[in-house]
Every structure is written in C-alpha cells, then in structure tokens.
Amino acid sequence: MLQDVASKKIFVLFSSFIREMSNVRNPEDLMKALVRITTKLANCAWVSICDPNGNVEFAQGNRDSELSEELKSMVHWSTQNLTPSYLPGEQGTIFIYPLSKAEKIIGAMIGESLGELPIESADTMRILAFLSSTVLENLELYVELERQHNAVEETLRYMHEILNTFSQMIVAVGKDLKPVFSNIRYLDQAKNPLFEEEVKKIAQKVFETGTRQIQELEMNGNFYSIVGEKLEYEGEHQVLVTLADITNTKELERLKNIDKMKTEFVANVSHELRTPLSAIKAYSETLISSIDDLDNATMADFLKTIYNESLHLERLLEELLDFSRIEQHMLKLERTTFDMMDLVRDVVHSMQEFAKSRGVELLVEQETQDTLITADQRRIRQVLINLVSNGIKYCKKDNSEKYVKVIVQSSEDFLTVVVEDNGVGIPKQIQEKVFEKFFRGGSSLNYEIEGTGLGLTIAKEIVELHGGQIRLESEERKGSRFFVDFPKGVDKHEA
C-alpha cells in the first residue's frame, strides 16, 4: 500500500514537472521547476543547481549558496564521469546528478534528502535530470535564436528609418503594380492619384522592358524626376520607383545625378543588407525546424554563421551611421598622440587574412623616422582600412603578383601615408568623382564588389577634419596610389 502511495506521488510530481517544462521560456524558470519538484520528491532539506565546477547558479533550502570544496570536488568528478554520486550528509543522503546531453556537460543538480533517499526517488530524479538537460540546452539555443531574431528586426527597422530620411519619395512595386514597401515621403503623396498612376506606368514599363526607366513629370507647376529600377527579392521581380522634386531648374542636372546615385545606393544597400539577413533567416529557420535532428557541431556551425553575418550587418550600419553624422556635421574627433607606423602595421596585420583569400601580398615601407602624430587614432585606422580593403578588392584577377603597399613618408609640413596597388586602376574621366557620396565607379565590376559606396566619402571627410587632404593618382589597368596627408604636430602633453 505504501509503495503504491509513493508511486502515485512520484507520478503526480513527474506529471507536474512535465507540464511546467512545456511552458518555460528561460533557463531560470526551468531550474526553479526542477528544484521545486526534486525538493518535494525526495523530501529535501536543500537543493542547488551548479555549473560543472560546483559554482551555484540557483539554490533553494536552508543552506548557504556556496558549496564546500569537498562537494565542489564531488560535483566536478560526477560531471566529468557523467555518473550520479551519493554520500552521507548531516540530515540524510547528499545526491549529485550530472546535467548533460550527449557529451556536452551543462552542470549538476546537488541536494540533501531528509533521511535515506528511496531508490524509486533516485531513479525518478535521474530521469528528471536527463529531461532537464535536454530542455535547458534547447532553451539556451532558443534564447540565442530570439536574440538574433531581434537583431534582424532592429536592422530592418533601422533600414526603414534610413529610407525615411531621404528627400525622395521611394516605393517598391510588385508584379500586380501595388506597393509592397514605401518610405514616409511617398505615403505623404500617395493620396494624389496622379502620383499613383505615374508610378504604375513606369513600373509597368520596367516589367515589360527589363531595363531602367527615367522620365520627368510636371504636376501643379512642379517638376519631378521619376526613376524605375528592376529589383529581385526572394525570387520575386519588383520595381523600385524613386520620385524627386526637381523644380529648381538651376539644380536640375545635379539633382538628376544625385537621384540616380541614390537610387543605386538604395538598391545596393538593400542588396548588402539582404545578403546577411537572408543567411541569418535561412540558418535560423533550419535550427528552429530541425533543432532535435541537428548534432552539436552542426548547431555550433550554424550559430557561428549567424554571428558572423550579424557582425557584417553591424559594420554596414556603422558606415551608414558615420555617413549620417557627416551629413549632419556631427562627426567629432578624439585626438591622442600615437605612432603612425604602429597603426599602419596593426592595420596591415588585421587585413592579412582577407588579402590572403584574394591572393594579394601586403607590404609596408617606412621612409621616415618622424612618425608621431596627434590625431583621432580610431578614425585614422578607419581611413587606412578602407583604402587597403579597396586595394585588395579591386585587384586584377589575372595578375599573379598582386600587392597592396602602405608607405609612410614625410615632408616639412605633412606626414603622408601612401596606399599603392597594382590593381584594375581608375579611369581618368571618373577620378574626380570617386570621393563623391554613393559613387561606385559605374563599372560592371562593381556589382561583384561588396560595399555601400560611402567608404571614400567618409575617409575624405575624416582626413579633412584633421586639416589634411587625400589625393589620387591612378592609371587604368596598372593600379592606383592614394596619398593621405596629415599636418605634422604632436601634442606635447600627449606624447
């Protein structure tokens, strides 16, 4: 009879635990449920959840949260050997159950029963420990996926905010000629049926011809430039339509060029953001749908990919933020005194793996010993990384001896850093435009090169904020040399 009562109690507690596990959404709730059920099941004086080294993460009962060195040693042995341990305690039996899944050690459950620990309770707690390990690992993965999902949502929100800052009206149109996305400026004008009709006309023309369409429209005494550009998102063909007010005829040609570049910028940024977002989405969906079928190594590989793509997104957003600060004249410098050669070597070292992947050799030359400078080291590093990275990206694929060389030299008034490459070079007719915002060269080669087209614009602004200048010498198919001149001068308090 007593055995039946005990079995019924175990069944009730076990069922209660299963119900609670189905509702938990974070590791702390799971540990609370496990400790609570274990306390009732074994009539425990105290129960704790600890890491593999015996450091308590959650505790309940009349005991200090810190375990003795002896108990920590027992926890370590038990988790390393994946074996439950039992030893006499002050009030009953001290038990230790490893929390693990496959070969991954998560921690341990340790506690003390009031009196001798029944065999059936010990068996049940072993099962509870196993189930808790599985759920705990899945919860950790769930929390990580949720964090990545929030990062994706925040990136999309930020992208929308960027588009809303543009003076142009921007709308993406689907095959049915209905808007699938628009910025706030387009929404302000969407009530005008003439705007809607013109958007449909140019979108239809892009769908029919498959080519970029540009036209001008006069409406109520104002002139507008309308640009339609084909897009493809997740296999679906769309058209990006940009409408810009070009009423001021003196600015007409300039605005046409800006309109074209911004349209390309929007499409390019959309592509740059969509690439890592698509990877994050694909890997996250696979993890969510196949979480019970994937081994730990595959899960770790998936999460590493998600993390790396998140870093890519972060770099893109930092570049967009810097551009925003420049547009608002809010880019500030934090000057310190440092050795330019040390910074150059650090930049070259950080770019070695990227250069190696493209078969490019990185070289450093020092032509002066006077290399101390007072400037914003973080921003100067940003300039050098952009120039070296461009040299690597625009190498000639058929050249067996590709290189990018960084030379530090000085004159009476300036410390100059030269970044030289033997890559594709820049045509003379567009050399004056390479520092313009959104400009990416207009070559088909650019569509193979990642980037927003803002790097050199930001670099030029940073150099000029230091009172310096950036110059270019280039010959098509032979290579380029960028000269970055910084005014000499050392803050004696910093040196």
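The values are calculated or read from the model by the stated rules, or taken from the named source; none is laboratory data. As the structure is a computational prediction, the values presented were derived from the model and not from experiment. Positions of Cβ are backbone-derived with ideal geometry, glycine not excepted, and every protein chain shown enters the neighbour counts.
Checked against (1) in the same structural domain as Pro276 (by TED's automatic domain parsing); (2) touching a residue at least 12 places away in the same chain (Cβ under 8 Å); (3) not in a loop (DSSP other than H, G, I, E, B), Ala151 meets all criteria but (1). When we screen Leu99, Leu82, Leu117, Leu67 for residues that are surrounded by 14 or more Cβ atoms within 10 Å (Cβ to Cβ) and either outside the structural domain of Leu30 (by TED's automatic domain parsing) or over 18 Å from Thr38 (Cα atoms) (or both), the only hit is Leu67.
I'd like to check something: does segment 446-459 contain any residue that is aromatic (Phe, Trp, Tyr), assigned by TED's automatic domain parsing to the domain that holds Gln382 and at pLDDT below 80? Within segment 446-459, one or more residues are aromatic (Phe, Trp, Tyr), assigned by TED's automatic domain parsing to the domain that holds Gln382 and at pLDDT below 80. Filtered by the rule that a residue be out of contact with any Ser or Thr (no Cβ under 7 Å at 6 or more places or on another chain), surrounded by fewer than 19 Cβ atoms within 10 Å (Cβ to Cβ) and aliphatic (A, V, I, L, M), segment 351-374 gives Leu363, Val364.
Report yes if some residue within segment 243-265 is of a type in the set (A, V, I, L, M) and at pLDDT 80 or above; otherwise report no.
Applying the first criterion (of a type in the set (A, V, I, L, M)) to segment 243-265 yields 243-244, 246, 252, 255, 258, 261.
If we keep only those that are at pLDDT 80 or above as well, we get 243-244.
The answer is yes; a qualifying residue exists.
When each of Arg212, Arg185 is tested for being more than 23 Å from Leu277 (Cβ to Cβ) and in contact with a Phe, Trp or Tyr (Cβ under 8 Å, 6 or more places away or on another chain), the lone residue that passes is Arg185.
For residues in segment 51-64 being more than 23 Å from Gly115 (Cβ to Cβ) and in contact with an Asp or Glu (Cβ under 9 Å, 6 or more places away or on another chain), which is surrounded by the most Cβ atoms within 10 Å (Cβ to Cβ)? Quick ask: steps written out before the conclusion?
At the first step, the residues of segment 51-64 found to be more than 23 Å from Gly115 (Cβ to Cβ) are 51-58.
Checking which are in contact with an Asp or Glu (Cβ under 9 Å, 6 or more places away or on another chain) leaves us with 51, 54-58.
Details: Asp51: 16, Gly54: 24, Asn55: 14, Val56: 18, Glu57: 13, Phe58: 18.
Taking the candidates together, the pick is Gly54.
With Ala203, Ala172 as the choices, which residue is hydrophobic (A, V, I, L, M, F, W, C) and not in a helix (DSSP H, G or I)?
On the way: Ala203 fails: not in a helix (DSSP H, G or I).
Answer to the check: Ala172.
The residue that is modelled with the lowest pLDDT, counting only those in segment 317-366 that are among the charged types (D, E, K, R) and touching a Leu at 6+ places or on another chain (Cβ under 8 Å), is Glu319.
Would you be able to tell me the number of residues in segment 343-375 that are assigned to a helix (DSSP H, G or I) and in contact (Cβ under 8 Å) with a residue 12 or more places away in the chain? Before you say what the answer is, go through the steps one by one.
Kept after step one, since they are assigned to a helix (DSSP H, G or I), are these residues of segment 343-375: 343-350, 352-357.
Filter once more, so that each one left must be in contact (Cβ under 8 Å) with a residue 12 or more places away in the chain: 343-348, 350, 354-355.
So the count comes out to 9.
Of all residues in segment 146-186, exactly one satisfies the criterion of being under 15 Å from Glu197 (Cα atoms) and modelled with pLDDT under 80, namely Tyr186. The single condition from (1) assigned to a helix (DSSP H, G or I); (2) touching a residue at least 60 places away in the same chain (Cβ under 8 Å); (3) over 19 Å from Lys478 (Cβ atoms) that Arg378 fails is (2).
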